[in-house]
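S.K.: Pasting in a structure now, in structure tokens, and then I'll have a few things to ask.
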Amino acid sequence: MQKINTIKAIKNWVEFEKSRGKTIALVPTMGGLHAGHLALVDLAKNRADKVVVSIFVNPKQFAKNEDFDSYPRTLAKDLEALKIKKVDVVFTPNATQIYPKDMVFNQAKFSRYAYLFEILCGQTRPHFFYGSIQIVTRLFESVCPDMAVFGRKDYQQLKIIKKFTSGVKILEMPTVREDNGLAMSTRNTYLSDSERCVAALLYQTLQQLAAGKLNKNQAYQVLEKSFKVDYLEILDGDTLIKINDNTQKIAILCAVFLGKNRLIDNITYRLSAKVFD
Ligand code: AMP
């Protein structure tokens with residue numbers, strides 16, 4: 001496994017591999033790797049000849065009052081895990097390369113679809129998806145992969161990336177969970193043991209809502225007993241707008257606060273067969 005730090009070097013490596021007819025999959029991460037990230041790597045390995053995992057804690061995904069400084073940085077452990085997975089390259093660029101001073105981000109070009117950036121998580125974290133699209137665009141420009149893998153855990157982010165990137169096939173990985181159902185997340189390390197037990201109620205409640213055992217108001221009330229609810233929405237899973245006559249897929253999306261920590265989760269299913277994705 002090679003560790004590459006510069007855009008120039010990753011471009012050269014990819015160019016060489018492509019010249020030998022190899023396909024390249026990119027798995028973008030912010031490090032602090034867990035089994036969810038490693039499942040993305042497995043999917044990438046299944047689909048492409050060569051796998052690049054990027055590790056970059058993207059400052060643009062953090063507001064000033066958020067945890068950029070304390071975000072779990074576990075590079076040595078991450079490299080160990082990726083080596084065991086036989087990843088080809090770990091790409092660890094620095095912020096100066098990713099965001100050179102003269103780089104301009106034209107947010108206006110997304111104005112027609114601003115709602116996608118501003119609903120759900122975008123209400124509490126208005127900077128977040130503009131940060132995601134910038135880093136993903138820069139990584140795609142830098143690595144030029146044939147495909148890239150993202151998790152459905154970050155469903156809104158996945159939708160935005162699918163809509164606003166082109167030329168790279170986007171592969172989706174279902175959410176990987178702890179035994180109690182809690183969606184794995186780097187930030188789960190912030191939770192105490194007792195909070196981890198409480199956190200499992202989030203997915204359990206979404207499951208009951210999806211199964212029709214609770215309606216939306218009841219689910220909201222159940223969640224409110226354990227969390228401060230940020231949002232609970234049931235939307236068209238393809239467009240993230242209100243359910244309508246063309247809706248084929250439902251997305252139940254939720255964010256809650258547990259103490260200082262914010263948890264997100266979702267369940268999606270096709271209306272026709274009620275098959276869970
Ligand atoms: P992050 O390092 O949190 O930016 O996440 C990197 C990628 O891993 C994103 O595509 C996430 O959606 C994905 N991911 C994070 N947690 C999970 C999980 N529990 N299951 C599946 N994918 C995940």
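Computed from the coordinates by the stated procedures, all read-outs in this text should not be read as laboratory data. Quick caveat, the model's predicted, so the values are computed rather than measured. Using ideal geometry, Cβ is built from the backbone for each residue, glycine included, and neighbour counts are taken over all protein chains shown.
S.K.: Modelled label-to-label distance, residue 67 and residue 239, 7 Å Cα→beta-carbon offset: nm?
M.R.: 3.6 nm
S.K.: So for the stretch 125-277, what percent of the C-alpha to C-alpha distances run longer than 28 Å? List each step's numbers first, then the result.
M.R.: Values: 2762 of 11628 pairs.
When all Cα pairs of the stretch 125-277 are counted, 24 percent exceed 28 Å.
S.K.: Go through 64/249; 77/159; 83/159; 77/109 and tell me which ones have a Cα-Cα distance over 32 Å in this structure.
M.R.: On the way: 64/249 36 Å; 77/159 30 Å; 83/159 30 Å; 77/109 39 Å.
Correct reply: 64/249; 77/109.
S.K.: Looking at this model, which pairs from 11/163; 18/169; 50/86; 18/101 are more than 21 angstrom apart at the alpha-carbon?
M.R.: 11/163; 18/101, as the Cα separations exceed 21 Å there.
S.K.: With axes computed from alpha carbons, what is the tilt in degrees of helix 216-226 against the longest principal axis of the chain, rounded to the nearest 10 within 0 to 90?
M.R.: Approximately 80 degrees, to the nearest ten.
S.K.: May I have the extent of the alpha carbons of the stretch 200-277 along their three principal axes, as whole Å values ordered from largest to smallest?
M.R.: Over the stretch 200-277, Cα extents along the principal axes are 38, 23, 20 Å.
S.K.: Could you tell me how many degrees, from 0 to 90 and to the nearest 10, lie between the Cα long axis of helix 193-210 and the main elongation axis, the longest principal axis, of the Cα atoms of the chain?
M.R.: Helix 193-210 sits at roughly 70 degrees to that axis.
S.K.: Sorting check: for 14-22, 141-149, which peptide has the highest mean count of neighbouring beta carbons within 10 Å, and how do the rest follow?
M.R.: In descending order of packing, they fall as 141-149, 14-22.
S.K.: Now a separate question. How big is the Cα convex hull of the chain in projection, averaged over all directions, in nm²? Working shown, then result.
M.R.: On the way: hull surface 61.8 nm².
One quarter of the hull surface, i.e. the mean projection, equals 15.5 nm².
S.K.: Could you work out [θ]222 nm for the chain from helices alone, using -39500 (n - 2.57) per DSSP H run of at least four and dividing by all its residues? Round to the nearest 500 deg cm²/dmol.
M.R.: Numbers: 10 runs with 104 residues, N = 277.
Counting only the DSSP helices, I get -11000 deg cm²/dmol.
S.K.: Can you tell me the FRET efficiency between residue 260 and residue 177 if r is taken as the Cβ-Cβ distance and R0 is 25 Å, rounded to the nearest 0.05? Could you put the intermediate results ahead of the total?
M.R.: Values: r = 22 Å, r/R0 = 0.89.
My answer for the efficiency is 0.65.
S.K.: Could you work out how much longer the chain between residue 47 and residue 20 gets when fully extended? Use 0.36 nm per residue separation minus the Cα distance between them, nm to one decimal. If you can, show how the numbers build up before the last one.
M.R.: Numbers: separation 27, 0.36 × 27 = 9.72 nm, distance 1.69 nm.
Value of the extension gain: 8.0 nm.
S.K.: Suppose every Lys and Arg Cβ carries +1 and every Asp and Glu Cβ carries -1, with no other charges. What dipole size does the chain come out with about its Cα centre, to the nearest 20 debye? Don't skip to the end; give the middle numbers.
M.R.: Values: 40 positive and 28 negative charges, 94 e Å.
Charge dipole of the chain: 440 debye, to the nearest 20.
S.K.: I've got another one for you. How many nm is it between the label spots at residue 84 and residue 228, if each spot is 7 Å from the Cα in line with the beta carbon?
M.R.: 3.7 nm
S.K.: Find how much the distance from residue 11 to residue 109 grows on full extension, using 0.36 nm per residue of separation minus their present alpha carbon separation; answer in nm with one decimal.
M.R.: 32.6 nm
S.K.: Here is a follow-up. Give me the net charge for the shell around residue 117: Cβ to Cβ below 12 angstrom, other residues only, Lys and Arg +1, Asp and Glu -1. Let's see the in-between values first.
M.R.: Numbers: positive: 109, 112, 125, 159, 163; negative: 118.
Every neighbour counted, the sum reads +4.
S.K.: Follow-up. Order of 240-249, 1-10 by packing, highest average Cβ count within 10 Å first? Provide the component values of the computation, followed by the final result.
M.R.: Working: 240-249: 12.1, 1-10: 15.3.
Averaged packing, sorted descending, gives the order 1-10, 240-249.
S.K.: So for the chain: antiparallel DSSP bridges make up what percent, rounded to the nearest 5? If you can, show how the numbers build up before the last one.
M.R.: Values: 21 of 40 bridges.
For the chain, the DSSP antiparallel bridge percentage is about 50.
S.K.: Related question: What is the helix-to-structure angle for 155-164, meaning the angle in degrees between its Cα long axis and the longest Cα principal axis of the chain, kept from 0 to 90 and rounded to the nearest 10?
M.R.: Taking the Cα atoms of the chain, the angle to 155-164 is about 50 degrees.
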